[in-house]
Each structure stands twice: as C-alpha cells, then as structure tokens.
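Enquirer: Structure in structure tokens, see below.
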Amino acid sequence: MRVLLIDDSVIFIKLVKHILTKEGYKVSEATNLNRALYVLKNDKPDLIILDIFLSTDHGFSFLKQAKEDENCKDIPVLVVSSINKP
C-alpha cells in the first residue's frame, strides 16, 4: 500500500514515515502542495494523510484539486492538524 504524507513539519513526517515503513507501507512525502500534486499524479497513492493547515499553503486547495481529478478522486484522505483550537 502506498501512502502520500503531506505535512510541513519534518519531524511529523519522519515519525509517521518511520512507523508506516516499519509496518510495510511505501511512503511518499511532501512538505508543500506543489510537491504533493506532483507525487499524486506520478505515484498514485492508495491513501493520503494531509495536514490541512500548512505554513505556506492550505490543505483544502490540495484536497479540492485531488477530488476534481478523475484519476484521484476516490483516494481516501485522512485530514490531520496540530492546531489545538476548536
């Protein structure tokens, strides 16, 4: 199973990638939306883990583009955030 991990926190990416790789997943990573869109189109993942609030971008714009693409619209997306406000 291929997972695309999108987050601007290098620490979060390293931690989650280590855990998922140890469990046998192939993990691609992106720290910005341009890289995420490139990986999405060139190495279609089975699951996307998306930080919705990136420092330079907004995860909602990636989500919108991904769901409008016929080849990617059915890929499940797990949305995460480190914001601790309601």
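Enquirer: Kirkwood Rh over alpha-carbon pairs of the chain, then Stokes-Einstein at 25 °C and 0.890 mPa s: what D in µm² s⁻¹, rounded to an integer?
Expert: The Stokes-Einstein estimate is 191 µm²/s.
Enquirer: A further question on this structure: Can you list the residues, at least 5 places off or on another chain, whose amide H is less than 5 Å from the amide H of V79, using H built in the peptide plane?
Expert: The answer is L50.
Enquirer: Let me know the number of lysine pairs in the chain closer than 18 Å at the Cα, not counting same-chain pairs under 8 apart.
Expert: Lysine pairs satisfying the spacing and distance rule in the chain number 13.
Computed from the coordinates by the stated procedures, all read-outs in this text should not be read as laboratory data. None of these values were measured; they are calculated from a predicted model.
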